[in-house]
Each structure stands twice: as structure tokens, then as C-alpha cells.
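A short worksheet on the structure shown next.
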Amino acid sequence: MEVIICPNAQRVGEVAARKAARIAAPIGSKVVLGVATGSSPVQTFAELARLVASGDLDLSEASAFALDEYVGIPEGHPESYHEVIRQTVTEPMGLDPARVHVPNGFADDLQAACQAYEDAIKAVGGVDIQFLGVGTNGHIGFNEPTSSLSSRTRIKTLAAKTLEDNARFFASIDDVPRHCLTQGLGTIMDARNVILVATGANKAHAIAQVIEGPITAMYPGSVLQLHPHATIVVDEEAAAELTLIDYYKATYANLPEWQRLDV
Ligand code: F6R
């Protein structure tokens, strides 16, 4: 894993976006993005939109696949991930809405919707760059603790901790949907590159477990230790419980100029 520790959340977004732009350059305008919702990738997506606007990144024919969606919330609902992705990804990055995909949590047949989602990812040749956040319980996507490390897109029940964490987006915790459709850990691991961003002290424990803990379904993000191209970009607060913090900083400080991602 490549671990990059930044002084603040703004820099996390800039570095993650530059890493993505560097990966995307040789792929070209048809790059396939995997996109997360929530607070973590907001700066990264804003920076990607800025790179598109300045002509430094071509997403004119790009596709995007969201990680997950709540079950039972219609597309236009302000907290549906269809809507969040439209506002944070599709519009600011100027993507063609027809190429932006979110699991259909409002489908009559949810299992068929999950299979259709897996098929749609395969049909474009797989995800080139998967952006991820991490839950305070170590989840990626909505793969809650004890998720199968080889799981595919499916229906999951949200953990109590996730309901509590996501209550901030709803009027009350009782309004947070109990179920979701989420790409599985196996689906996420199929992406050719992953970039996970995390900021703030409340992510410090999960980040330490994901990067330095054992690979375990109790911290689903730890499966990324098996990924050949995983980059984790964190701020100082989220890095606080890492034991090899000095090593990660020294590694980044000693990168050759052309590999650095500083603004
Ligand atoms: C979002 C997702 C989740 C979030 C995680 C962190 O699509 O799949 O794994 O990335 O819950 O959420 P934030 O960034 O809001 O702290």
C-alpha cells in the first residue's frame, strides 16, 4: 500500500485527485471511475472537477460507477446516492449522465438489480480508478464488518454504527434506511487502482486497522492490503494511530520529483 500523509483535508483532496489524474492520463478520456459518496471524497471530486475545467484531465467519455445506494429511497430524494453522485460527480466533472451508474435501490427485484450492476461494470471492461472512503467501523462501500472478503454486489443491512454515523444526513436516525445495495469487497478488489481518502480523528482507528491490522472481515477495508495498486491518502488526524507514520512520511519525502503529487 502507498500511504500518503497530508497536513490537512484540503491537501488530501488535491493529492488524491492528482494521483487519479496521473493514473488516468495514459488511459485517456474513456477512463472508468468508481465513486464513493459521503464527506470523505468531496474535496477530491472538487479538485478533479477543477482539473477537468483547466483542461488537465479529460473525462469527456468517462464512465462512473457508484459504490452503493440505499434501499427504498427514490432517485430524486436529496439523500439518495443517485442525487449525491449527480451533485458531486456528474455535474461538476461534466460527465455524460448516461455513463454514470448507481445501483437501483428502488428496484422491485433487488437481486436482479445487483446482478445487472455487476454486468454493467463488466460491460465497460471494469473500473480503472476506484475512489473510497472508510467507515469508522472499517467498512468500504457498505461492506459492514463480517462481510465476505470475496463478496459481490448485493443487499446488506447497515450496521448500528453506520446508522449512527449517517444520521447526520437525515432528520433523525430513524429516517436512515436500514438496507442498501453495495458493491462487494470482491467487486471493489477487481478495480485496477484504488484510492482511499480519510480525514479527521474519528477515522484514526479504522485507518490503523485497514493499513496495519490483520486482514480481517472485522475491518473490511483491510482486504485492500491484498490489492496491488492501493493508495491511502490521509490527513494528520486520521494518521494518528499508525505505528509506522515516520516511515510513510520518509518514503513520500524521498520520492523522486516526477512521482510527487504536491500542488
Ligand atoms: C459511501 C460509502 C461509505 C463511505 C464511508 C465514509 O459511498 O460507500 O463507505 O465512504 O461510510 O463516509 P464519510 O466519508 O461520510 O465519512
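The set of residues in the range 182-200 being assigned to a strand (DSSP E or B), aliphatic (A, V, I, L, M) and within 11 Å of the ligand (Cβ to nearest atom) consists of Leu196, Val197, Ala198.
Considering the conditions (1) more than 20 Å from the chain's Cα centre (by Cα); (2) within 12 Å of the ligand (Cβ to nearest atom), Gln111 is excluded by exactly one of them, (2).
Per-residue answers, yes or no, for (1) among the aliphatic types (A, V, I, L, M); (2) more than 16 Å from the ligand (Cβ to nearest atom); (3) in a helix (DSSP H, G or I):
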| position | (1), (2), (3) |
| --- | --- |
| His77 | no, no, no |
| Thr88 | no, no, yes |
| Phe106 | no, yes, no |
| Gly138 | no, no, no |
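Selection within the range 36-63: residues that are hydrophobic (A, V, I, L, M, F, W, C) and not in a helix (DSSP H, G or I). The member of this set that is farthest from the ligand (Cβ to nearest atom) is Leu57. Hey, does the range 163-183 have a residue that's more than 30 Å from Leu110 (Cβ to Cβ), of a type in the set (A, V, I, L, M, F, W, C) and within 17 Å of the chain's Cα centre (by Cα)? Checked the range 163-183: no residue is more than 30 Å from Leu110 (Cβ to Cβ), of a type in the set (A, V, I, L, M, F, W, C) and within 17 Å of the chain's Cα centre (by Cα). Against the test of being aliphatic (A, V, I, L, M), farther than 20 Å from Val42 by Cα and surrounded by fewer than 19 Cβ atoms within 10 Å (Cβ to Cβ), the options Ala191, Ala171 yield a single qualifying residue, Ala171.
Quick check: is even one residue across the range 209-217 in contact (Cβ under 8 Å) with a residue 24 or more places away in the chain and on the phi > 0 side of the Ramachandran plot? The answer is no, given that none of the residues of the range 209-217 is in contact (Cβ under 8 Å) with a residue 24 or more places away in the chain and on the phi > 0 side of the Ramachandran plot.
Against the condition of a type outside the set (Asp, Glu), more than 14 Å from the ligand (Cβ to nearest atom) and either over 17 Å from the mean Cα position of the chain (by Cα) or in a strand (DSSP E or B) (or both), how does Leu33 come out, does it pass? In short, no.
We did not get these values from a lab; they are worked out from the coordinates using the rules stated. Computed from a predicted model, the values in this text were never measured in an experiment. With ideal geometry, Cβ positions are generated from the backbone for all residues, glycine too; neighbour counts draw on all protein chains shown.
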